[in-house]
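Data first, discussion second: the structure below is written as structure tokens.
The values are calculated or read from the model by the stated rules, or taken from the named source; none is laboratory data. Keep in mind that this is a model prediction, so the values were computed, not measured. Please note: Cβ atoms are built from the backbone with ideal geometry, for glycine as well, and neighbour counts cover all protein chains shown.
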2 protein chains.
Amino acid sequence: MRDVAVIGIGMTKWGELWKKSLRDIYVETALLALEDAGIDRIDSMYIGSMSSGLFVGQEHIASLLADYLGQLPVPATRVETACASGGLALRLGLMEVASGMSNIVLASGVEKMTDVGGDEATYALGTAADQEYEGYQGITFPGLYALIARAHMQKYGTTREQLAKVAVKNHHNGLKNPLAQYQFEITVEAVLNSVKVADPLNILDCSPITDGAAAAIICPADMARKMGKPLIKVIGTGHATDTIQISQRKDMTWLEATYQAAKQAYAMADKKPEDIDLIEVHDCFTIAEICVTEALGIVDKGKGGEAVEAGLTAMEGKIPVNTSGGLKSKGHPVGATGIAQVVEVTKQLRGEAGERQVKDARVGMTQNMGGSGGSSVVHILERE
Amino acid sequence: MRDVAVIGIGMTKWGELWKKSLRDIYVETALLALEDAGIDRIDSMYIGSMSSGLFVGQEHIASLLADYLGQLPVPATRVETACASGGLALRLGLMEVASGMSNIVLASGVEKMTDVGGDEATYALGTAADQEYEGYQGITFPGLYALIARAHMQKYGTTREQLAKVAVKNHHNGLKNPLAQYQFEITVEAVLNSVKVADPLNILDCSPITDGAAAAIICPADMARKMGKPLIKVIGTGHATDTIQISQRKDMTWLEATYQAAKQAYAMADKKPEDIDLIEVHDCFTIAEICVTEALGIVDKGKGGEAVEAGLTAMEGKIPVNTSGGLKSKGHPVGATGIAQVVEVTKQLRGEAGERQVKDARVGMTQNMGGSGGSSVVHILERE
């Protein structure tokens, strides 16, 4: 397999983009990535999107977006594994370049979530859970993660305040990210006093509904070297599944798919958790970030809450988590999130993260997750 | 890139399977493929599905089906490019094996279309067209293909009877396929007298609404050889896009994405149209088969109607097309169709096609198509 590098990244301001359509948002973002890479043609493209069918009544977006991006007749592929669709787009692009089938591949993600009302958006997101055994019984995603949070609190003594501190940290980071949907600080008190969504989770424990896209261009590392680009290599990839229903898991607090995907990525990259300088993780809810840091081996099992409280994962901590603001502050256009993580890590490894730059960042990781953890995609990137 | 072979195939009887859920149909089919391959573990799986979100309210089927198939924690990926999702699943599996990332990959497709009513199914299928510029103007798929048919008739003198003969041929073939949804003969008169759907297309020009799945297991050719399997190699793959709107094409009667995908596959396989012994093509409507045979270079531009009339594409013709019965008789569970084509070609190349066996079949081709031709995936298989 050939070594692969990221040579271009693109992302626009995320939010409730009522004046733009899915195709507008996508093309604007993909063009930024092409410009950043200094190229105008690609060999192939991957688009992560969770549910363009339910959100905007449009499947077949691979054909649509290849067309609107002016890249016909390139092969264009939409991939989906709920909220981990973006991470998957990078992984498949990586395999295509690694196999020798293509050289320059656009790995991207997009979701336009605000064209429908809140109930419809909740329904669409709920299709990432087991519809027959979870959705039809009335549970939605805040409810599923609330169950995980309760179990974690009971088993490990994780506190309500520790959950809140994940959101406070991520908003603090997001304040320095001009592309974030919610660029403002919040306090522990604000989280604790915000509207209850599903006990123990309040509205400020939840990532928002967002319109947005993100794009990354990859090519063989040898080609990137010849182009004189800063060499940001994708040195590890992992992808794994777990039961789609949380009730079927041995331990609701343990994200097995994330653990397995990370294990693969660490092995391929020949890295250990202590080699990682920063991580973008899938904090769709505050409890998710806590469970993910445990599954990635960054902290011990059950210690995720304590770690955030101790500042271990803060910008100035031992291992900064979600310097971009995470899903909580940056926003969570579901199919785009996995690629936005790659955009942030690439910026950090290039030393282009401005006010939120992690000093001497050399190795970064991304962890993207579908549903309540039924799938996960992990990547490790390194600056040569 | 490593050579890749098909070592297992699975398909169950297609139709209106009201007593079975998407997961039932899928697992039953995938187990047949595992049994046929003589294995019980896979390294990775791909699932083509056009719109499980709109048809059964379930996204994230990669996690769901890996779980129900008992294959956790394997990486599982759902891919979508409308009705060409199945073909795409094989292509991505092929790249994964070719890259060396995995050895044994399940490439599959599934669609459960009859859990919704006719209007909802028409809406769901319509999301493969450009929703904003085609769907919202009131056109559905029979209408789009009717426009193509009218243009073909006007430009090349293709007749209403020639269209009918595509359906008659495919039903004749499907009669010999025990897994086909509609196992009965039809006549030209029956097609001409059937209910008008969108002038000039009648109901018997249209493929049906179907529940079904199909599965194929691939691995490195060297491994297949050691297993003592009949060596059916996938020697060519192609994937391309065209404008999603037919109004944006230079010539509505020409399927550019199919032409480009075939060009790639012929080049990779080092084959020409005259080397192909049989083809499974995407006859979602009778006119589609005519246009596809032209784009594949099997007949000259504009001659697709004459070719079917002359019997060139019949079972006993120079190049049998749709020996399985095609989408028309076998059924068209959209995400599964591309893999069912691979199942048929593999059966033919193994010499296991029973009453519909093409004598001395050595090289076969599959052509799968999304929307009104906005995307297409082509494969060439060869028996060693």
Worksheet entry | Answer residue from segment A:196-222, given it is more than 28 Å from A:Tyr259 (Cβ to Cβ) and buried (at least 24 other Cβ atoms within 10 Å of the Cβ) and is farthest from the chain's Cα centre (by Cα) among those | A:Cys219
Worksheet entry | Answer residue from segment A:164-188, given it is buried (at least 18 other Cβ atoms within 10 Å of the Cβ) and over 19 Å from the mean Cα position of the chain (by Cα) and is farthest from A:Asp205 (Cα to Cα) among those | A:Ile186
Item to complete: Output the residue which, of all residues in segment A:357-372 that are of a type in the set (A, V, I, L, M, F, W, C) and under 13 Å from A:Ile276 (Cα atoms), is farthest from the other protein chains (Cβ to nearest Cβ).
Response: A:Val358
Worksheet item: So which residues in segment B:101-115 are modelled with pLDDT of 95 or more and within 10 Å of chain A (Cβ to nearest Cβ)?
Response: B:Ser102
Response to the item:
Among the residues of segment B:110-124, the number that are in a loop (DSSP other than H, G, I, E, B) and either within 18 Å of B:Ala336 (Cα to Cα) or in contact (Cβ under 8 Å) with a residue 40 or more places away in the chain (or both) is 5
Discussion item. Conditions first: (1) part of a loop (DSSP other than H, G, I, E, B); (2) in contact with a strand residue (DSSP E or B) (Cβ under 9 Å, 6 or more places away or on another chain). B:Phe184 passes all but one, so which condition is the exception?
Written reply: (2)
Worksheet item: Does B:Ala98 fit the bill of being within 13 Å of another protein chain (Cβ to nearest Cβ), more than 21 Å from A:Leu54 (Cβ to Cβ) and in contact (Cβ under 8 Å) with a residue 40 or more places away in the chain?
Response: yes
Discussion item. Would you confirm whether or not segment A:291-310 contains a residue that is basic (Lys, Arg), assigned by TED's automatic domain parsing to the domain that holds A:Ala167 and without any contact (Cβ under 8 Å) to a residue 40 or more places away in the chain?
Written reply: no
Item to complete: Considering only residues that are in contact (Cβ under 8 Å) with a residue 60 or more places away in the chain and surrounded by fewer than 23 Cβ atoms within 10 Å (Cβ to Cβ), look in segment A:125-136 and name the one that is nearest to A:Gly373 (Cα to Cα).
Response: A:Glu134
Discussion item. Of the conditions (1) touching a Pro at 6+ places or on another chain (Cβ under 9 Å); (2) more than 16 Å from A:Met365 (Cα to Cα), A:Trp254 satisfies every one except a single condition; which number is it?
Written reply: (1)
Response to the item:
The number of residues in segment B:18-48 that are buried (at least 24 other Cβ atoms within 10 Å of the Cβ), more than 10 Å from chain A (Cβ to nearest Cβ) and either assigned to a helix (DSSP H, G or I) or of a type in the set (Lys, Arg) (or both) is 5
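State all residues of segment A:238-267 that are polar (S, T, N, Q) and assigned to a loop (DSSP other than H, G, I, E, B); if no residue qualifies, say none.
Scanning segment A:238-267 gives A:Thr243, A:Gln245, A:Thr253.
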Worksheet item: Among the listed residues B:Gly143, B:Gly118, which satisfies the condition of being within 21 Å of B:Ile209 (Cβ to Cβ), modelled with pLDDT under 95 and away from chain A (no Cβ under 13 Å)?
Response: B:Gly118
Worksheet, complete the sentence: Restricted to segment B:226-239 and to residues being touching a strand residue (DSSP E or B) at 6+ places or on another chain (Cβ under 8 Å) and at pLDDT below 95, the residue farthest from B:Val343 (Cα to Cα) is B:Met227
Practice prompt. Go through segment A:49-79 and give me each residue that's hydrophobic (A, V, I, L, M, F, W, C), in a loop (DSSP other than H, G, I, E, B) and either within 7 Å of chain B (Cβ to nearest Cβ) or under 13 Å from B:Gln131 (Cα atoms) (or both).
Written response: A:Met50, A:Leu72, A:Val74
Worksheet entry | When residues of segment B:223-244 are limited to those that are more than 21 Å from the chain's Cα centre (by Cα) and of a type outside the set (Gly, Ala, Ser), the one farthest from the other protein chains (Cβ to nearest Cβ) | B:Pro230
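Does B:Gly326 satisfy the criteria of being more than 20 Å from the chain's Cα centre (by Cα), modelled with pLDDT of 95 or more, more than 14 Å from every other protein chain (Cβ to nearest Cβ) and surrounded by 24 or more Cβ atoms within 10 Å (Cβ to Cβ)?
No: the conditions fail for B:Gly326.
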Worksheet item: Within segment B:56-90, restricting attention to residues that are closer than 16 Å to A:Thr127 by Cβ and within 19 Å of the chain's Cα centre (by Cα), which residue is surrounded by the most Cβ atoms within 10 Å (Cβ to Cβ)?
Response: B:Glu80
Discussion item. For the structure I just gave you, tell me whether B:Ala128 is modelled with pLDDT of 95 or more, facing chain A (nearest Cβ under 10 Å) and assigned to a loop (DSSP other than H, G, I, E, B).
Written reply: yes
Fill in: Residue list for segment A:30-55, filter: of a type outside the set (Gly, Ala, Ser) and closer than 22 Å to B:Thr127 by Cβ
A:Met45, A:Tyr46, A:Ile47, A:Met50, A:Leu54, A:Phe55
